[in-house]
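Colleague: Before I ask anything, let me first share the structure, which is written out below as structure tokens.
The values are calculated or read from the model by the stated rules, or taken from the named source; none is laboratory data. Source: prediction; values computed, not measured. Note that each Cβ is placed from the backbone with ideal geometry, even for glycine, and that neighbours are counted across all protein chains shown.
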Amino acid sequence: MMRITVGEKLFYFTVFILAFFNKILGSIHNVEDMYMAIVNNKIFTIVYLPIFLYIFLDKFSKRLKPEVIVRYQSIKNWSISNLKIIAALSVRLSITFNVITSIFMVICDTNILYNQDFYIFNYISIVVQSVGWCLIGMLFMNLISITNSIKLAYVIEIAFFLAIRLIMSPLSFISLRDYIVPIWDTMFFYEFNREYMIMIKYLCMNIIIIIILFVIYSHLVKKRDLKIER
């Protein structure tokens, strides 16, 4: 089992502190307001995303060393191992994130504990967030392979999602907003009355993208020198 890194602890601590201060200082008493305060897209792109990628920056800077890669006997085995690590971390992070979120939602209204939809909501949230984080992780691995620099890949991916957020802002590129579904929209319920099937559709879309990214990644690492700058 993977040990919990400093970056991962920082992620959980940040989620807890954001929820805590919104509840105490923001005096939030509504379940939906509490959820939105924790998962809004500004916090996602500026806070959660950089910390999440930092976890991988720290972990994969060690796994990219030649002496580690040779232990797997083949690049294919090493690539699959990387995908497993990304998937396992994404699931663990999503479960913990939703546990923290749920605790503060329950503090706002204990009656939701008797609502079946609350448990369905959490189950679907864990699944779609796990897949969403996995997609972000696989994109990071592809950028590392393309740039040959883990730090540059870190900066590029954050800049990419910040640019998407700019495009999706109310006054920017209005015509494009009808054709772009940002990753955070596929991971979080920004509309509580959103039908679950819409999220399932996004889930399937993200799984397909992950498969494509993994195929590209496997091809890239086979063709490139793995002396990655750390």
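Colleague: Looking at Leu10, is it assigned to a helix (DSSP H, G or I), of a type outside the set (Asp, Glu) and within 18 Å of Ala153 (Cβ to Cβ)? Steps first, please.
Modeller: Details: assigned to a helix (DSSP H, G or I): yes; of a type outside the set (Asp, Glu): yes; within 18 Å of Ala153 (Cβ to Cβ): no.
The answer is no for Leu10.
Okay, residues lined up against (1) under 23 Å from Thr14 (Cβ atoms); (2) under 16 Å from the mean Cα position of the chain (by Cα); (3) modelled with pLDDT of 95 or more:
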| site | (1), (2), (3) |
| --- | --- |
| Ser81 | no, no, no |
| Ile107 | yes, no, no |
| Gln116 | no, no, no |
| Val131 | yes, yes, yes |
| Ser149 | no, no, no |
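Colleague: Taking the residues in the stretch 17-39 that are aromatic (Phe, Trp, Tyr) and surrounded by fewer than 17 Cβ atoms within 10 Å (Cβ to Cβ) as candidates, determine which candidate is nearest to Ile103 (Cα to Cα).
Modeller: Selected residue: Phe20.
Colleague: Could I ask something else about it? Note down all Cβ pairs under 6 Å where the first residue falls in the stretch 124-140 and is without any contact (Cβ under 8 Å) to a residue 60 or more places away in the chain, the second is assigned to a helix (DSSP H, G or I), and they're at least six residues apart or on different chains.
Modeller: Ile126/Ser94; Ile126/Ile95; Ile126/Asn98; Gln129/Ser94; Ser130/Ser90; Ser130/Val91; Ser130/Ser94
Colleague: Looking only at the stretch 56-66, decide whether some residue is under 16 Å from the mean Cα position of the chain (by Cα), closer than 22 Å to Val215 by Cβ and not charged (D, E, K, R).
Modeller: yes
Colleague: Please go through the stretch 5-45 and give me each residue that is among the aliphatic types (A, V, I, L, M) and in contact (Cβ under 8 Å) with a residue 40 or more places away in the chain, ordered by number. Outline the logic, then answer.
Modeller: From the stretch 5-45, those among the aliphatic types (A, V, I, L, M) are 6, 10, 15, 17-19, 24-25, 28, 31, 34, 36-39, 43; that's our starting set.
Correct list: Val6, Leu10, Val15, Ala19, Ile28, Val31, Met34, Met36, Ile38, Val39.
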